[in-house]
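Worksheet: the structure to be examined is printed underneath.
Where a number appears in this text, it was derived from the coordinates with a stated rule and is not lab data. In this text the structure is predicted, and so the values were computed from the model without any measurement. No Cβ is skipped: glycine too gets one built from the backbone with ideal geometry, and neighbour counts run over all protein chains shown.
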């Protein structure tokens, strides 16, 4: 059976609306998408780390409840699990404050074996920070050698914009490993000062990775490959929270790859009609998540897939 293997942080998101806490949900950029894929019936393995505290136990239990293997989660003794405070504004977009307590030696675990059937998902600051680079590269090397699909969600927040130049070699190396790169106009603005999908693809991504998806919130998204240039509109939506929208676009797109039995060897042959189905899957997952305070698709939505 094909697997989706992700690597990233797990964190407890405490949501605030009008400066009052309204919910606490396990989160994390790659994590959110993998929870949705687990609910959708995919075989999911997540590589991550938590503390040996109450929050860590909540996260591990939640993973098991949603069909995600915890075999590759490092539990740090006498450490607190990461927490984020997410303050929702009037548009239900979030501003974050993060609280972390990691040890100096992190992710001291053996990376899982990867096969040509698998899809490996990396993203966010976790995929570029120097402290974890050797571990991330170990997984990427295994994926590349096996012929697995590598999906990279840039997800580069404004809080790291001052580090963009320092992190650039790792970002570009991730582009080179990746078979599909996805990022928002905001991500590329933070990294390169570029907001136009064609400029980003031509100047920064296309040389390394031929398949690029640039999302722009409610304004739609752009697909750029060697042979296809297509823009997709987004249907207007009454949002409850946009937290997890991009993460779940990733999940839906990966689900589309699985559903349509697409392997790495098939990517160059995808037609516009193929991409239409894959992108539609991503957009449906993303739209579903925006209608609730959860960071992942509902079990009711998953049951209909």
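Points to keep in mind about this one:
- Of 112, 210, 21, the one that fluctuates the most in a GNM where the chain has Cα springs shorter than 10 Å: 21
- Considering only beta bridges that DSSP places wholly inside the range 1-114, some 45 percent are antiparallel.
- Global geometry of the range 185-241, whether rounded, prolate or oblate, following the gyration tensor of its Cα atoms and the 1.5 cut on a/c: oblate
- Residue among 278, 59, 109 with the largest mean-square fluctuation in a Gaussian network model of the chain, springs linking Cα atoms under 10 Å: 109
- Max mean-square fluctuation residue, GNM over the chain, Cα-Cα springs under 10 Å, options 37, 140, 167: 167
- Order of 301, 98, 249 under a 10 Å beta carbon neighbour criterion, fewest first: 98, 301, 249
- Whether the range 194-290 is rounded, prolate or oblate, judged on the alpha carbon gyration tensor where a/c under 1.5 counts as rounded: oblate
- Separation of the range 12-52 and the range 183-243, taken as the distance between their Cα centroids, equals 24 angstrom.
- Exposure proxy order (Cβ contacts within 10 Å, fewest to most) of 228, 149: 228, 149
- Cα gyration tensor, the range 23-123 - rounded (a/c under 1.5), prolate or oblate: oblate
- Sorted by Cβ density within 10 Å, fewest first, the residues 214, 209: 209, 214
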